[in-house]
Amino acid sequence: MEQLEAYVGKLMETAKLPGAFIGIAKAGEHVYTKGFGYRDAEEQAEVTLDTVFGIGSITKSFTCVAIMQLQEAGKLSVNDPVVQYLPEFRTKDAESSKRITIAHLMSHTSGMPSMPTLYFAMRRSMEIDPALQESDRNFDLTAHEPIDTYEQLMAFIAELDVEQLGEPGTEFSYSNDGYALLGAIIERVSGQTYESYLKEHLLDPAGMKHTVFFTEDLGDYENITTLYTSKKTEEGKVVFAAPLWWDAPAMRAAGFLKSTGRDMLAYAEIFRTGGKVGETRILSEKSVQQMIGNYAGLEPARHYGFGFMVTPQFRGGTLIEHGGALKGIAAQLCILPEEKITCIVLTNLDGAPSAELLGATINTAQSLPVDEPIAIYPDYPVEADTLQDFLGEYRSGEGEMVQVSSGETGLVVTFAGADYPLRSVGADAFSFQMPTGLEKWIRFVRDEAGQVSRVAFHFRQLIKQSKEA
């Protein structure tokens, strides 16, 4: 473990990451659990196995577990149309939205593009957060009233003038809105709130004592991390405490759970064992297999199931994983069922290198060097005259923007104020390397006329706005 700890220490120093937790279990037994740095840097309070962190979008798999439980109970089928339970749901293409099923929402294949809903759902939190300055916002929060309810959420989606990416089931694009709708379906089908359903049917049976949506529910429990964020200054990156937890009542099903290393390793057992935590069955084996099915291709060897990304041929086994990110949050969960391995990475800084930490953790669990690549993309020949097709600016409804331009040796992608040379790795597909060494995948999407109209980046499809002059 010395190699892992040295790697983590170096990465934390470079990222100015205040605190992190890394856990590895084998066959349900903890083989490595260690806190690094501090949950509260000012108080020098250390991170432990029971420190509460945010898990962000790892919450999505919890939402899918709830849906699968309701399917097992005969209360719904994942192949049912969404409008069967949410008759007021519609998009600009009203006929197409009638064909969107629950499974499409779970696999991010509804065809809905990225929308600004999450910001308006978090508006009340963001507006009272002293850590968020007006100049830091890349989004106009005043453009719409706060979205507090599922009904307001659906009314907002219905009003948006956005085009579907494709027929439901044909295009993958990560959708927080889709998971918010799943929360609404869980409420209407179960007859109880999404939060109470999860507590009664998943969190309590799994023994997850410190997993909550609201830290207030933990009473006088003090082992809760402070959240940290950062800003760029002339002196470089400055990390500072930003303790207010953001909330979005209408979108909790998309990513607002808090949990601990101990609880998350228990949760991972559901997918390692085929549905059980200890002797308690949470899901049937059939439901677990359905959750890791192939519903949308992400990369050459990786697909999206229900609430998880899955690499079915990973070093002779299966890699099941998901990450999560919000302000003060960067987390990763993985399961390697054939090897009986589960891993969790929790951090208290947004933008923290959690994927790199998970990669090193997986490698350590498999007795490999910490810097062994998790994914390798071979070179792919590309005609120089086709590179012009990809130039331009691309944006998503969530405010993400990337610019693709010509560099000295080929294409360059620019995002978050940094430039990265692109390397061709497939038909209309490229990769680029982060400063940490992590390889990222980017794929361009052509329309029926063969023109590049979108780019698949950060699991979203961003729409082409203009071509570089």
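Quick check on segment 434-469: of everything there that is in contact with a helix residue (DSSP H, G or I) (Cβ under 6 Å, 6 or more places away or on another chain) and of a type outside the set (A, V, I, L, M), which residue is least open to solvent (accessible area, probe 1.4 Å)?
That would be Phe444.
Conditions first: (1) closer than 23 Å to Asn348 by Cβ; (2) open to solvent by 10 Å² or more (accessible area, probe 1.4 Å); (3) touching a helix residue (DSSP H, G or I) at 6+ places or on another chain (Cβ under 9 Å); (4) outside any loop (DSSP other than H, G, I, E, B). Gly9 passes all but one, so which condition is the exception?
Every listed condition holds for Gly9 apart from (3).
Restricting to segment 201-233, give me the number of residues that are free of Cβ contacts under 8 Å to residues at least 60 places away in the same chain, in a loop (DSSP other than H, G, I, E, B) and open to solvent by 40 Å² or more (accessible area, probe 1.4 Å).
Summing the residues that are free of Cβ contacts under 8 Å to residues at least 60 places away in the same chain, in a loop (DSSP other than H, G, I, E, B) and open to solvent by 40 Å² or more (accessible area, probe 1.4 Å) in segment 201-233 gives 6.
Can you pull out the residues in segment 281-297 that are open to solvent by 20 Å² or more (accessible area, probe 1.4 Å), in contact (Cβ under 8 Å) with a residue 24 or more places away in the chain and either part of a loop (DSSP other than H, G, I, E, B) or farther than 28 Å from Asp204 by Cβ (or both)?
The answer is Ser284, Ile292, Tyr295, Gly297.
Is it the case that segment 191-200 has a residue that's among the hydrophobic types (A, V, I, L, M, F, W, C), open to solvent by less than 20 Å² (accessible area, probe 1.4 Å) and modelled with pLDDT of 95 or more?
yes
Only one of these conditions is not met by Arg90: (1) crowded, with 17+ Cβ neighbours inside 10 Å; (2) basic (Lys, Arg); (3) modelled with pLDDT under 95. Which number is it?
Arg90 satisfies every listed condition except (3).
List the number of the failed condition for Thr364; all other conditions in (1) among the hydroxyl-bearing types (Ser, Thr, Tyr); (2) open to solvent by 40 Å² or more (accessible area, probe 1.4 Å); (3) in contact with a helix residue (DSSP H, G or I) (Cβ under 6 Å, 6 or more places away or on another chain) hold.
Thr364 satisfies every listed condition except (2).
Name the residues in segment 412-428 that are buried (at least 19 other Cβ atoms within 10 Å of the Cβ), among the aliphatic types (A, V, I, L, M) and over 25 Å from Val370 (Cβ atoms), would you?
Residues satisfying the conditions are Val413, Leu422.
Tell me whether segment 154-165 contains one or more residues that are part of a helix (DSSP H, G or I) and more than 30 Å from Ser453 (Cβ to Cβ).
No, segment 154-165 has no match at all.
The values are calculated or read from the model by the stated rules, or taken from the named source; none is laboratory data. Owing to the predicted nature of the structure, the values given are computational and were not obtained by experimental measurement. Virtual Cβ from ideal backbone geometry, glycine too; neighbours counted across all protein chains shown. Side chains are part of the model used for accessible areas, which takes the heavy atoms of the whole protein and leaves out ligands, DNA and RNA. Shrake-Rupley method; radii C 1.70, N 1.55, O 1.52, S 1.80 Å.
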